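> Attaching a single structure in structure tokens format; questions to follow.
The values are calculated or read from the model by the stated rules, or taken from the named source; none is laboratory data. Source: prediction; values computed, not measured. Cβ atoms come from the backbone with ideal geometry, glycine included; neighbour counts cover every protein chain shown.
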Amino acid sequence: MRKKTRMTIRAKKIAINPLQFVQTEDGWIDPALAPPLPERLKIISDAGLRAVHADVPADMTAAAYGKLLADHGLAPAPGYISGPLPEDDASLRAHLDKTARISEQQAELGLSTVFVATGMSKEAPRVRRPAVGAESDRGRLERVRDVFAKMGETARANGVAAAFHPHVGTWAETEEETRFILDTVPADTLSFGPDIGHLGWAGADVPGLLRDYGDRVAALHIKDYHADVAARGTAEDLDYRATVLAGLWAEPGHASVDIPGLLAELPADFDGWLIIEVDRGAQDTAEESIRLCGQWAARQTH
């Protein structure tokens, strides 16, 4: 049998979304906890990483943000757009306005991709019962699909591909929901931006998804997790935060996910972004967690 040609991982296409800075004691995240941006960027750069998830602060222009990254030896990598499922025309318009604004910023930063996801709150049904497709409803799923399609059209108008990002705790969580959305929205409207950790936690066949939709993967989140913790969380009916606090997440290469094996499922010509994202660092400090992420990134290209 002919051996499959593997994609080439390029150091400049590995980035980090440093959620370690904003993790809370109750298993959630709070952006208010983040240190000043220059301090964060220095820690990321010192860890040997070359790019960071783009998130332009409200008080900065995209140009000023891009310059600050460059001053720290960092490039911007695809950012993230999410929000509650719109319930009426006004909330949909606001959501699409947000999509337009952020996708314009991404384009100004020279990016061609942005992740798009549905939001979640601490009391959401799928946060109370995560990773099992709780309260599944076909009508709601079709609404979610339609919102993603509109987000894709809005981002595309700015020259940016919207990459659909399934996420535990949201109304687009399971493999079945992922396939439905990708199968019913044209590829030129919606790309795929999987999170290998969240899909795995939800019990998806992640290798199968990467094989079946590999030509639509524009970027992906690299994540590692402890499969035994995920299984225990489901068996004991733990909520999202309790599962996280039980030690679900780990730095890449330190838990259960066969990351090289999953990346091998991508097309040989894949040249999208690999964005490391540790939802809750397993180390004593954010700095140490990010340092381990940098070490993982360095190993991929040597």
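> Do we find a residue being farther than 30 Å from ALA11 by Cα, in contact with a Phe, Trp or Tyr (Cβ under 7 Å, 6 or more places away or on another chain) and of a type in the set (Phe, Trp, Tyr) anywhere in segment 77-87? Write out each step before concluding.
First pass over segment 77-87, keeping only residues farther than 30 Å from ALA11 by Cα: 83-87.
Right, trim to in contact with a Phe, Trp or Tyr (Cβ under 7 Å, 6 or more places away or on another chain) and you get 85.
Then keep just the ones that are of a type in the set (Phe, Trp, Tyr); that gives none.
Checking segment 77-87: not a single residue is farther than 30 Å from ALA11 by Cα, in contact with a Phe, Trp or Tyr (Cβ under 7 Å, 6 or more places away or on another chain) and of a type in the set (Phe, Trp, Tyr).
> Of all residues in segment 262-286, which are surrounded by 19 or more Cβ atoms within 10 Å (Cβ to Cβ), acidic (Asp, Glu) and closer than 21 Å to ILE43 by Cα?
Selection gives GLU277, ASP279.
> Still on this structure, I have one more. From the list ILE259, ILE290, which residue is touching a residue at least 40 places away in the same chain (Cβ under 8 Å) and surrounded by 21 or more Cβ atoms within 10 Å (Cβ to Cβ)? Write out each step before concluding.
Numbers: ILE259 fails: surrounded by 21 or more Cβ atoms within 10 Å (Cβ to Cβ).
None of the other options fit; the residue is ILE290.
> Right, here's the next one. Does ASP279 fit the bill of being modelled with pLDDT of 95 or more and assigned to a helix (DSSP H, G or I)?
Numbers: modelled with pLDDT of 95 or more: yes; assigned to a helix (DSSP H, G or I): no.
In short, no.
> Looking at segment 215-236, can you tell me whether even one residue there is farther than 26 Å from CYS293 by Cβ and in contact with a helix residue (DSSP H, G or I) (Cβ under 6 Å, 6 or more places away or on another chain)?
No, that holds for no residue.
> Can you run down the residue pairs with Cβ atoms below 9 Å, 6 or more apart or on separate chains, where the first is in segment 88-101 and free of Cβ contacts under 8 Å to residues at least 40 places away in the same chain and the partner is in a helix (DSSP H, G or I)?
Close Cβ pairs satisfying both conditions: ASP97/THR154.
> Another one. Condition first: assigned to a helix (DSSP H, G or I) and crowded, with 24+ Cβ neighbours inside 10 Å. Can you find one or more residues in segment 128-135 that meet it? First the steps, then the outcome.
First, the residues of segment 128-135 that are assigned to a helix (DSSP H, G or I): 128.
Still in the running and crowded, with 24+ Cβ neighbours inside 10 Å: none.
No, segment 128-135 contains no residue that is assigned to a helix (DSSP H, G or I) and crowded, with 24+ Cβ neighbours inside 10 Å.
> Counting only residues that are among the polar types (S, T, N, Q) and modelled with pLDDT under 95, how many does segment 6-61 have? Give the derivation first.
Initial filter on segment 6-61 (among the polar types (S, T, N, Q)): 8, 17, 20, 23-24, 45, 61.
Now drop any that are not modelled with pLDDT under 95, which leaves 8.
The total comes to 1.
> Among (1) farther than 22 Å from ALA77 by Cα; (2) surrounded by 16 or more Cβ atoms within 10 Å (Cβ to Cβ), there is one condition ARG232 misses while meeting the rest; what is its number?
(2)
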